[in-house]
Amino acid sequence: MSQAFSHRVLPYDRADDLLDGALPFLREGIEGGDRVLAVTTLAMHMLLRDKLGADAAGVEFFESDKWYAHPARYLADTLALAETAAWQKRRLRVLGEPAWARRGELELLEWQRVEAITNAAFAETGAALLCAYSRSLPAGVVAASRQTHPETMRGQVALSNPGYQEPWTYNARLDSGPLPPPPDDSLDLDIQVADLYWIRAYVTDFARRTPLPEDDLQRLLVAVTEVVTNALRHGQPPITLRLWLEPGELVCEVTDHGHWTDRTGFGLIPPKPAGGAGRFGLWAVRLLCSIVQIRTGRDGTTVRLRLQIPAVPVPLPVNSA
Amino acid sequence: METLSSVRRPVRELRPGDHAWLAYSGEDEQRYVVGSFVRDGLDASHKVIYLAGSDDVDVPGMNGTPPRSGLLTVVPLEEARRPDGGFDPGTVLEALACEIAGAEGGDFGTIRVTADMTWTLDLPDGLTQLLRCERHIEQAVCPSTRVTAICQIDRRRLTADARTALAASHSTVVTPNPEFADSVLQIVRTFEPVGLSLLGELDASRHMVLDQALNTVLTASRGEEIHLDLAGLGFIDLGALNMLADVAARRSGTGPLVLDSMPVQLRTIMETVGWHMLPGLRLGTV
């Protein structure tokens with residue numbers, strides 16, 4: 001792979017600005033034999049097709065809402081495409097317009113984390129990634145994009161972002177503050193020499209009184225089992241499992257008094273497929289849950305798993321049993 | 001599998017009065033199940049009566065050590081050979097009944113009887129002869145409070161009708177002893193296809209027993225595909241999936257590791273995590 005990886009932000013006010021930056025980027029890929037993707041809104045698909053004319057046949061179009069549905073799954077799928085292209089001596093070239101609208105605060109942070117981690121995860125693939133950010137987005141979103149992308153496109157020119165931060169620095173800063181404490185009425189279980197079977201029974205009893213869909217419950221059970229197994233193997237007692245509900249989310253937290261020292265071991269980058277002693281535990285946990293929050297320090301380690309649930313019309317008496 | 005009407009019971013759970021049958025898929029399965037039956041019997045000082053082709057047969061379950069004198073009796077089929085070369089079932093059964101009666105006169109708490117009955121299928125009108133033999137054995141075993149019997153039949157020789165008739169003439173289908181069983185997980189060897197059947201839930205509390213069972217199967221296999229029957233598996237953790245992928249990687253070049261009858265909730269997990277993360281694992285029959 002001779003081409004260098006690039007990850008650039010394209011801020012735009014009007015659709016024409018986006019087209020001015022995107023069209024040369026796409027055409028360069030079509031002419032160069034790249035695998036070219038345009039992941040934007042349907043309206044932008046129409047504009048791009050119109051401007052590209054016959055060249056549009058060399059572009060695969062995807063909708064942002066579906067492409068950017070889940071942070072870890074997005075990263076896994078897109079990275080797989082980039083690696084496949086590299087293996088075929090091709091380059092993956094993506095014009096992306098991440099779906100920032102209607103995201104909650106925590107979700108925004110996870111997507112910003114993905115933008116930062118992209119610089120580490122895709123570095124070896126030689127992929128060319130151009131991310132369009134509307135200036136109508138909340139100011140913090142556009143500002144953050146200048147910290148997570150090494151370069152900004154202005155017209156046809158790529159300029160270095162002075163505020164760019166190394167991916168792991170940026171990531172650590174996202175996690176520098178403490179997590180808000182669990183609510184007083186969380187359902188707590190002290191984990192002694194547990195048979196993991198009983199922990200799953202406990203989580204299942206809680207989740208079955210919420211509208212969490214069955215397949216998400218199965219994902220949660222695999223994720224909780226993995227996190228508790230890690231705490232039992234590598235952590236320090238006491239180990240506590242806590243469950244509670246937040247608006248639109250089921251939250252499951254595992255705390256122990258151990259301290260992780262390897263900051264890159266948070267499962268943020270997909271590991272290479274197994275075939276030796278491939279450990280993909282935390283990475284898989286991120287795929288299984290909506291959001292995973294990790295804090296580790298002298299006071300102990302907390303892994304908080306969040307799963308989206310359909311809206312709950314009235315508070316359920318989940319802790320009343 | 002063979003029948004809906006019979007009780008399925010691992011060989012170690014057979015009790016006096018049980019007249020069980022084993023439809024084995026090949027010599028491996030036959031020696032595995034019958035070996036357990038013979039070995040457990042000899043260890044417990046039960047009388048073991050073994051009907052065999054000849055009296056110098058390699059009785060399964062002996063582990064190379066001769067049993068205590070008088071515990072094991074081999075009834076050779078050879079002696080029932082008629083001048084025309086065929087066998088006379090009446091003579092065989094008489095010899096068997098005689099041994100059982102003799103043992104009942106002894107001071108054995110339990111008498112274990114086992115015979116490979118496949119030879120009767122070679123007689124003219126084989127199935128009728130087999131069922132006649134079975135009736136004789138049934139009459140000898142079922143009223144007894146001391147006799148347990150396993151009739152072995154080569155499954156490959158049986159028609160559907162024969163299976164139905166045999167199911168009707170036995171109270172119990174005998175299955176292999178589980179490699180492991182507790183209140184959460186059960187692991188049973190399978191022979192056709194070669195592999196394991198997993199029931200219950202599998203996580204780090206029981207990774208060791210999975211590892212042991214996998215090693216047992218790998219050691220016994222001859223490089224064919226290994227199948228895991230997951231129909232009864234309610235949960236599998238990421239660590240166990242990793243172990244399976246490791247086994248598949250160690251076997252690269254031979255047959256893959258095939259996951260049969262995977263329940264829908266496990267497929268959800270596999271699809272979320274991505275099959276490509278677990279190379280060498282293949283989805284088998286649904």
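Protein heavy-atom accessible surface, 1.4 Å probe, per residue over chain A: 47 Å².
Seen through its C-alpha gyration tensor, with square-root eigenvalues sorted a ≥ b ≥ c, region A:27-78 comes out oblate because a/c lies at 1.5 or above while a/b is not bigger than b/c.
Using the Cβ-Cβ distance between A:Arg209 and A:Phe62 with R0 = 30 Å, the FRET efficiency computed as 1/(1 + (r/R0)^6) comes to roughly 0.20.
Peptide A:284-290 shows a mean partner chain C-beta count of 3 within 10 Å per residue C-beta.
Other residues with beta-carbon under 12 Å from the beta-carbon of B:Cys151 carry, at +1 per Lys or Arg and -1 per Asp or Glu, a net charge of -4.
Measuring only protein heavy atoms, the 1.4 Å probe finds B:Ser261 accessible over about 40 Å². Projecting each Cα onto the charge dipole of chain B (Lys/Arg +1, Asp/Glu -1 at the beta carbon, about the Cα centre), which of B:Val38, B:Gly200, B:Pro76 comes out farthest on the positive side? Selected residue: B:Gly200. For B:Asp182, the accessible area of its heavy atoms, probed at 1.4 Å with every protein chain present, is near 70 square angstrom. Using a probe radius of 1.4 angstrom, the carbon and sulfur fraction of the accessible surface of the protein assembly as shown is 52%. Taking the DSSP bridge list for region A:6-174 and keeping only pairs wholly inside it, about 15 percent are antiparallel. Given +1 at the Cβ of Lys and Arg, -1 at the Cβ of Asp and Glu and no other charges, the dipole of chain B around its Cα centre is 340 debye to the nearest 20.
Between 0 and 90 degrees, the angle of helix B:207-220 with respect to the longest Cα principal axis of chain B falls at about 60 degrees. Among beta bridges identified by DSSP and lying wholly in the protein assembly as shown, the antiparallel ones come to about 40 percent.
Placing +1 on the Cβ of every Lys and Arg and -1 on the Cβ of every Asp and Glu, with nothing else charged, gives the protein assembly as shown a dipole about its Cα centre of roughly 1460 debye.
Residue by residue along A:221-233, Cβ atoms of other protein chains within 10 Å of the local Cβ number 4 on average. Take chain B with all the other protein chains still there, run a 1.4 Å probe, and you get 43 Å² of accessible area per residue.
Can you give the percent of C-alpha pairs in the protein assembly as shown whose distance is more than 49 Å? Every Cα pair in the protein assembly as shown considered, those over 49 Å come to 34 percent. Normalised radius of gyration (Cα atoms, divided by 2.2 N^0.38 Å) for chain A: 1.09.
Counting Lys and Arg as +1 and Asp and Glu as -1, each charge on the Cβ, what is the dipole of chain A about the Cα centre in debye, to the nearest 20?
Values: 33 positive and 39 negative charges, 118 e Å.
Once rounded to the nearest 20, the dipole reads 560 debye.
The A and B chains share an interface that buries close to 2200 Å² of accessible area, total over both sides, probe 1.4 Å. Rounded to the nearest 10 square angstrom, A:Cys131 shows an accessible area of 10 square angstrom against a 1.4 Å probe. Alpha carbon centre of region B:245-286 versus region A:56-71: separation in Å? Distance between centres, Cα-based: 29 Å.
For region A:183-206, a reduction of at least 10 Å² in accessible area between the chain on its own and the assembled protein chains (probe 1.4 Å) is found at A:Asp195, A:Leu196, A:Tyr197, A:Arg200.
Under a 1.4 angstrom probe, counting protein chains only, how are A:His234, B:His170 ranked by accessible area, largest first?
A:His234, B:His170
State, as an integer percentage, the relative contact order of region B:180-283 based on alpha-carbon contacts under 8 Å between residues 6 or more apart.
26 percent
Derived value for region B:7-175: Kirkwood hydrodynamic radius 15.9 Å. Basis is the mean of 1/r over every pair of different alpha-carbon atoms. Positive end of the charge dipole of the protein assembly as shown (Lys, Arg +1 and Asp, Glu -1 on Cβ, about the Cα centre): tell me which of B:Thr175, A:Thr78, B:Leu281 has its Cα farthest that way. Going by the Cα projections, it comes out as A:Thr78.
For a modelled paramagnetic label at A:Trp168, 7 Å from Cα along Cα-to-Cβ, the residues of region A:119-153 in reach, with backbone nitrogen under 19 Å, are A:119-125, A:148-150. Taking 18 Å as the straight-line reach from the Cα of A:Lys66, none of the lysines fall in range once those fewer than 8 positions away in the same chain are excluded. DSSP beta bridges fully contained in region B:180-283 are about 40 percent antiparallel. Our Cα-only numbers for region A:187-308 put the radius of gyration and Dmax at 14.0, 41 Å.
The values are calculated or read from the model by the stated rules, or taken from the named source; none is laboratory data. Owing to the predicted nature of the structure, the values given are computational and were not obtained by experimental measurement. Note that each Cβ is placed from the backbone with ideal geometry, even for glycine, and that neighbours are counted across all protein chains shown. With ligands, DNA and RNA removed, areas are computed over all heavy atoms of the protein, side chains included. Shrake-Rupley method; radii C 1.70, N 1.55, O 1.52, S 1.80 Å.
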